[in-house]
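Taken together, the values in this text are just the output of simple stated rules run on the coordinates, not laboratory data. Here the structure is a predicted model, which means the values were calculated and not measured. Positions of Cβ are backbone-derived with ideal geometry, glycine not excepted, and every protein chain shown enters the neighbour counts.
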Amino acid sequence: MVDRYFVEDRIAEPRGHGTTVRLSGAEAHHLIHVMRAKPGGQVVLFDGSGAEFPARVEKIGRSEVDLAVLGRQSVDRELPVELTLGVALPKGDRQRWLVEKAVELGVGRIVPLRTERSVAQPEENALARLRRTVIEASKQCGRNHLMEMAPPQAWPDFVAAAKRCPHRLLAHPCRGDSASRPLADAGPTSPPEPVAVAVGPEGGLTTHEVALAIAAGWQTVDLGPRILRVETAAFLLVALVTRGR
Ligand code: SAM
């Protein structure tokens, strides 16, 4: 696996004598104490702009590392479609797992949903931790754009805002409800347009919340006869939409 590090500030294109970048915080800790880097070692930097920057370790301090940027390559590992996932996040480690898998599958944006039966949605410090998870997952899977962790949004606001996406899919168990179909019948085939998908909370969406989405043009999607946990349903729905792209 390539040794990748995230740089908060945009990295300038190296010219002439090149550009130097200083890593600090969690990224420097990883490079110094986990990877035990030595001067002269080669790594790859990314800054969320869509490019990768091969770099050489120049100087290692106690908590900072200076690197010489050796080049710039645009490397696109994004989905060919803009994908937004609205989800009433589960608690603790399951939340982290969901965010990590969403990054790996190429989701562009997660919106934590406030629904009638939601457990508490993440506060700012929890969102900051999830944004760190986004960086860790991007380092591992090679994405050069960071998935956006949006602030929590109330269900009616999310439904209204998603009108800009031509494809809108809500995971909703069938229970004899003829409107909820397997995705094979309902999903966009090769969608060039933005897609929004949504998954309800542990307690499920209320009849009123589901009706609101259907009235706004959402297609309800059945994911099989078993009731899945929130993170499993989110993973499956996203995987079915992206189909390994
Ligand atoms: N007791 C809740 C109910 O009956 O709706 C279960 C909710 S489930 C744990 C959490 C969310 O995952 C649901 O709101 C739905 O969005 C999604 N989900 C779980 N299993 C599903 C299935 N088989 N088909 C479609 N969506 C499912």
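Which of rounded, prolate or oblate describes the stretch 19-163 when judged by the alpha-carbon gyration tensor and an a/c cut-off of 1.5? Prolate, because a/c is 1.5 or more and a/b exceeds b/c. Straight-line cross-link partners of LYS139 among the lysines, defined as a Cα under 16 Å from its Cα and at least 8 positions apart when in the same chain: LYS101.
What number, rounded to the nearest 500 deg cm²/dmol, is the helix-based mean residue ellipticity at 222 nm of the chain, given -39500 (n - 2.57) per DSSP H run of at least four residues and division by all its residues? The partial results should precede the final answer.
Numbers: 7 runs with 70 residues, N = 245.
That comes out to -8500 deg cm²/dmol.
On a 0 to 90° scale, report how tilted helix 92-105 is relative to the longest principal axis of the chain, with both axes built from alpha carbons and the result rounded to the nearest 10. Helix 92-105 sits roughly 80 degrees off the main axis of the chain. Between THR20 and GLU116, the distance separating the two model label sites (each 7 Å from Cα on the Cα→Cβ line) works out to 6.1 nm.
Seen through its C-alpha gyration tensor, with square-root eigenvalues sorted a ≥ b ≥ c, the stretch 56-141 comes out oblate because a/c lies at 1.5 or above while a/b is not bigger than b/c. Between PHE53, LEU146, VAL221, the Cα set farthest toward the positive side of the dipole of the chain (charges on each charged residue's Cβ, about the Cα centre) is that of PHE53. Taking the chain as the reference, fit the longest principal axis to its C-alpha atoms, fit the long axis of helix 124-141 to the helix C-alpha atoms, and give the angle between the two in degrees, 0 to 90, nearest 10. Roughly 70 degrees between the two axes.
Taking the Cα atoms only, what angle lies between the long axis of helix 230-242 and the longest principal axis of the chain, rounded to 10 degrees? Taking Cα atoms only, the helix is inclined about 80 degrees. Here the chain is described by how far its Cα atoms reach on the three principal axes: 65, 35, 28 Å, from widest to narrowest. With +1 on each Lys and Arg Cβ and -1 on each Asp and Glu Cβ, how big is the dipole of the chain about its Cα centre, in debye rounded to the nearest 20? The dipole of the chain has a size of about 380 debye. Within the same chain, lysines fewer than 8 places from LYS38 are excluded, and of the rest, those with a Cα less than 19 Å from its Cα are LYS59. With the simple spin-label model, which puts each label point 7 Å out from Cα in the Cβ direction, the LEU212 to THR242 separation comes to 2.8 nm.
Stretching ILE227 away from ALA179 to a fully extended chain increases their span by 15.5 nm, per 0.36 nm per residue minus the current alpha-carbon distance.
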